[in-house]
1. Stretch Arg253-Arg176 to full length: gain in nm at 0.36 nm per residue minus the Cα-Cα span?
2. Given the -39500 (n - 2.57) contribution per DSSP H run of 4+ residues, what per-residue ellipticity at 222 nm results for the chain, rounded to the nearest 500 deg cm²/dmol?
3. Determine the principal axes of the Cα atoms in region 97-197, then give the extent along each, sorted from largest to smallest and rounded to whole angstroms.
4. Based on the Cα atoms of region 2-257, what semi-axes does the equivalent ellipsoid have, where each is the square root of 5 times one gyration tensor eigenvalue, given in whole Å with the largest first?
5. Say R0 is 51 Å: what FRET efficiency, to the nearest 0.05, do Ser147 and Ser261 get from their beta-carbon distance?
6. Between Ser196 and Val82, what is the FRET efficiency for a Förster distance of 25 Å, r being their Cβ-Cβ separation, to the nearest 0.05?
7. What spacing in nm lies between the two simple spin-label points modelled at Leu34 and Ser21, each 7 Å away from Cα in the Cβ direction?
8. In whole Å, how far is the Cα centre of region 47-109 from that of region 231-259?
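Any read-out appearing in this document is the output of simple, stated calculations on the displayed coordinates, not a laboratory observation. Small disclaimer: the values here were computed from a predicted structure and weren't measured. No Cβ is skipped: glycine too gets one built from the backbone with ideal geometry, and neighbour counts run over all protein chains shown.
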Amino acid sequence: MNRYFSIYAMLWRNSVVREMSFKTNFILWIFVELLWFGLQITFFSVIYMHTDRIADWTKWQVVMLIGGAHFIQQMFQAFFLVNCTQLSELIRTGKMDFMLLLPVNTRFLISLRQVDLGAFVNAASAAAVMFYAGKQLQLTPTAGQISGFLLLCVASILIHYSLMFLLATISFWTVRAQGIIWGYYNLFNIARMPESAFPAGIFKTIFKFALPMLLVANVPVKLLTEKLASPWEMLFLVIMSVGCFVVSELAWRFSVRRYTSASS
């Protein structure tokens, strides 16, 4: 474990050097993400000028949901997004051969070799919005609720990572899979909607059980706003995160065993 911690520390150092080499780009992307986040909140503010509830969610509950979804998305982006999207390029250019020869777990190296530092700034802005929304709702979450929220966020990030990495393994057969990966990333917008706003049907079933977008942000925020119908919702989210990771690991091992290298 100490060896892997030291390797990861070096990866962080390289990420900091790379980001600081292009400071303008670093600041620009933070601004773009903050603008996009602000537009989402503005969009729902306009909706609530004409209604006082979406399903059983009030305005500030939805604002907290948007903040929670953005927080989870940005933390996922900080650690995993760039790395998952680059897997197809590693295969296409032959750099995967070099990765497989290194004396370190290949999935660890591929998944964590770059860190998006700007995403931490955006995650902090999302946390600030959640704090303000909580003040408007007069919430006083306990230490247990906050700890549970963070644990559920980790489970949600693991779901996003596992499913996107699973889709990235398609690159072993198609060479390029960025379109599929970014298509999944665009589905993150569904996580910002209250689950109860969707009627029962095939759409809700797919995005709750197959691609659990309606769970990754709803369940953690429900815990803070005391809207959980049952504690089983939290357990289900954790089980889904473990299940998604196991499936992605099996797909990864299956794909690597059939990889013939770029030179074959």
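1. Result: 25.8 nm gained on full extension.
2. Working: 15 runs with 188 residues, N = 264.
Counting only the DSSP helices, I get -22500 deg cm²/dmol.
3. 55, 34, 23
4. Numbers: eigenvalues 213, 90, 60 Å².
Semi-axes, largest first: 33, 21, 17 Å.
5. Working: r = 46 Å, r/R0 = 0.89.
The calculated FRET efficiency here is 0.65.
6. Details: r = 34 Å, r/R0 = 1.35.
Computed FRET efficiency for Ser196 and Val82: 0.15.
7. Label-label distance for Leu34 and Ser21, simple model: 2.6 nm.
8. When both Cα centres are located, 16 Å separates them.
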